[in-house]
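Below: one structure, written as structure tokens.
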Amino acid sequence: MASEKVYRASTTAPVNIAVVKYWGKRDTKLNLPTNSSLSVTLSQADLRTLTTASCSASYPEGDSLLLNGEPSDVSGARPQACFRELRARRAALEAADPSLPKLSTMPLRIVSENNFPTAAGLASSAAGFAAFVRAIANLYELPASPSELSLIARQGSGSACRSLFGGYVAWRMGEAADGSDSMADQVAEASHWPEMRALILVASAAKKGVSSTSGMQQTVATSGLFQERIKSVVPKNMEIMEKAIAERDFAAFAEVTMRDSNSFHATCADTYPPIFYMNDVSRAAIRAVEAINAAAGRSVAAYTFDAGPNAVIYYLEQDTEAVVGNLYSVLSEVDGWKASAAEGLKSNVSFDESVAGLLKNGVSRVIMTSVGEGPVATQEYLVAEDGTPVKSSS
């Protein structure tokens, strides 16, 4: 009779928002990108995925995933690639030490919860696959480094490889055909530039019309601007951005962040037929940032947009009043503000009426967050000791 013992490991993983964007694959099977990218890992106090990986000989045959209380299909190529790589590494440990329990042969039961909307342009797949891979690696007690695990997470979701680190993270595109050098590394720890803040204006929590996966391949196939982006725009932006982070130069950081976002969305518009991830609310957020920077006489805020309409606005803690104070004056009715950080701040910008109107009517919530750490092992389990799924207490 199969042993009833349930083996478990839990981890949280963060969202990351790229300041130099990943868009386009040179190998869709291995999830190899056409360009390098760089992101800021955001604090898990505000945005995180909690995942418990468990296995037991008593589980019914076949692996399963429960995401936010709903069964999720794991038969696709991406999760299967992650399962296969992680099992192979565990099997190698078991072969080297026959006393180890044969976890690699047992069905996996994964239970995962996000504290933010899934597939709404908030990098949910990045946090999700990073937590998925890290939790199974912890369950299997693999001696792999975050960079090694990023090779596996990348095969689930490209940007997930960057969520295996905290702080400021690069995904190096690599050159090897087998993807063995396409991995993430940490450019700087969160503690190197801890004053970095992010204000997310959620313009839509609905699922996007064109998924990132299909959108980027349409761009690769049809956009002329895209070739210029991957050959010259991104390599230059990566170089300037790494220097800006090393020197804590917000003016340079802000310019590259905004220019790269514009370049990415220009290639989406240049795709045939065109792809539009941003909407009128997104464009109003850009105008608001421009007005804030003009009033300050320098760049105190930097907007960026992933494949969705939500604005992520980076700023430094010392410029909270200039950025948050002015946006709060228009969006004070919206949910999500941290009262201690937003109330009592002065505003000195008079936004254009149409900009203010679009933001008031189009932003459904805000998320105030900051640069943060990478995945963290936790004793909070979403699978009980008997193997049944449970809800998060947090």
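The values are calculated or read from the model by the stated rules, or taken from the named source; none is laboratory data. Model, not experiment: these values are computed from the prediction. Neighbour counts run over all protein chains shown; Cβ positions are idealised from the backbone, glycine included. When the accessible area is computed, the model is the full protein with side chains, heavy atoms only, and any ligands, DNA or RNA have been set aside. Shrake-Rupley method; radii C 1.70, N 1.55, O 1.52, S 1.80 Å.
Relative contact order for the chain: 23 percent, from Cα pairs under 8 Å spaced at least 6 residues apart, divided by residue count. Of the accessible area of the chain, with the probe set at 1.4 angstrom, what percent is carbon plus sulfur? C and S atoms contribute 52 percent here. Taking a Cβ cut-off of under 15 Å around Ala77, the surrounding Lys, Arg, Asp and Glu residues balance to a net charge of +1, with basic ones at +1 and acidic ones at -1.
If the chain linking Lys236 and Ala176 were pulled fully straight, counting 0.36 nm for each residue of separation and taking away their Cα-Cα distance, it would gain 19.4 nm. Each Lys and Arg Cβ is given +1 and each Asp and Glu Cβ -1; about its Cα centre, the chain then shows a dipole of about 600 debye. The magnitude of the dipole of region 134-229, with charges of +1 and -1 set on the Cβ of Lys/Arg and Asp/Glu and taken from the Cα centre, is near 520 debye.
The slack between Glu353 and Glu94, meaning 0.36 nm per residue of separation minus the straight C-alpha distance, is 86.7 nm. Accessible surface for the chain, divided over its residues, is 41 Å² per residue with a 1.4 Å probe. For region 108-174, relative contact order (Cα pairs under 8 Å, six or more residues apart, normalised by length) works out to 29 percent. For region 70-220, the fraction of C-alpha pairs more than 27 angstrom apart is 30%. Highest mean first, the peptides 344-351, 286-293, 271-278, 324-331 sorted by other C-beta atoms within 10 Å per residue fall in the order 324-331, 286-293, 271-278, 344-351. Legend: calculated FRET efficiency, Glu4 to Asn68, from the Cβ-Cβ distance at R0 = 25 Å, rounded to 0.05, equals 0.35.
Summing charges over neighbours of Gly297, with a neighbour being any other residue whose Cβ is under 14 Å away from its Cβ, gives -1 when K and R count +1 and D and E count -1.
Its Cα centre serving as origin, region 213-263 has a Cβ charge dipole (Lys and Arg +1, Asp and Glu -1) of approximately 140 debye. Of the residues Pro143, Ser75, Gly174, the one whose Cα sits farthest toward the positive end of the charge dipole of region 63-216, with +1 on the Cβ of Lys and Arg and -1 on the Cβ of Asp and Glu, is Ser75. Taking amide H positions as modeled 1.01 Å from N, with prolines and chain starts lacking one, the residues under 5 Å from Asp27 and 5 or more places away or on another chain are Leu32.
For region 273-394, the alpha carbon convex hull comes to 182 Å³ per residue, rounded to a whole number. Among the GluC sites (Glu not before Pro) in region 42-124, those placed in a DSSP loop whose Cβ has at most 11 other Cβ atoms within 10 Å are Glu61.
Of all lysines in the structure, those lying under 22 Å Cα to Cα from Lys360, and not within fewer than 8 positions of it along the same chain, are Lys207, Lys208, Lys338, Lys346. The relative contact order of region 33-138, computed from alpha carbon pairs under 8 Å that lie at least 6 residues apart in sequence, is 42 percent. Local charge for Ile136 was computed over the other residues whose Cβ lies under 13 Å away, with Lys and Arg +1 and Asp and Glu -1, and equals +4.
Across region 336-344, coupling constants 3J(HN,Hα) worked out from phi with the 6.51/-1.76/1.60 Karplus curve, θ = phi - 60°, read x, 5, 8, 3, 4, 9, 10, 6, x Hz, and Gly and Pro carry x.
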